[in-house]
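Written below as structure tokens is the structure these notes are about.
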């Protein structure tokens, strides 16, 4: 089992991803609001951002209030299908401003029934 995490600043992608997960028979996903480090450390109206963050402003939007984090515990064999779903909605995550995804091993879990 793995915890699949996809973080995006494109809120409009969440519903299409969830719809495709349901169509693929994947249940139990959840979405939570999250905030990136740059937004947390800088005031959007301030020019006094730490030097490294100030230089990053040209590439990202630090004033975005929150991102969306999709999480779902999956069987190892379901990971490729879910990655394909995210890519079909969000595009190539190697491109700027498309989000990130990663998985973490799950050693123990309770409360979710699987087929």
With respect to residue 76, is the statement that it is surrounded by fewer than 17 Cβ atoms within 10 Å (Cβ to Cβ) and more than 13 Å from residue 6 (Cα to Cα) true? yes
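Can you go through 11, 23 and tell me which one is modelled with pLDDT under 95 and under 18 Å from residue 88 (Cα atoms)?
Matching residue, one of 11, 23: 11.
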Name the residues in the stretch 26-83 that are at pLDDT below 90, in contact with a strand residue (DSSP E or B) (Cβ under 8 Å, 6 or more places away or on another chain) and assigned to a loop (DSSP other than H, G, I, E, B), would you? 35, 36, 66
Do the conditions hold for residue 111, that is, is it surrounded by fewer than 12 Cβ atoms within 10 Å (Cβ to Cβ), more than 12 Å from the chain's Cα centre (by Cα), at positive phi and at pLDDT below 90? yes
Under 6 Å between Cβ atoms, at least 6 apart or on separate chains: pull out the pairs that start in the stretch 101-114 with a residue that is more than 20 Å from residue 85 (Cα to Cα) and end on any residue that is at pLDDT 85 or above and in a loop (DSSP other than H, G, I, E, B). 106/1; 112/28
Restricting the stretch 84-108 to residues that are touching a strand residue (DSSP E or B) at 6+ places or on another chain (Cβ under 9 Å) and part of a loop (DSSP other than H, G, I, E, B), the one surrounded by the fewest Cβ atoms within 10 Å (Cβ to Cβ) turns out to be 106
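The values are calculated or read from the model by the stated rules, or taken from the named source; none is laboratory data. Nothing here was measured: the structure is a model prediction, and the numbers come from that model. Every residue, glycine as well, gets a Cβ built from its backbone with ideal geometry; the counts of neighbours run over all protein chains shown.
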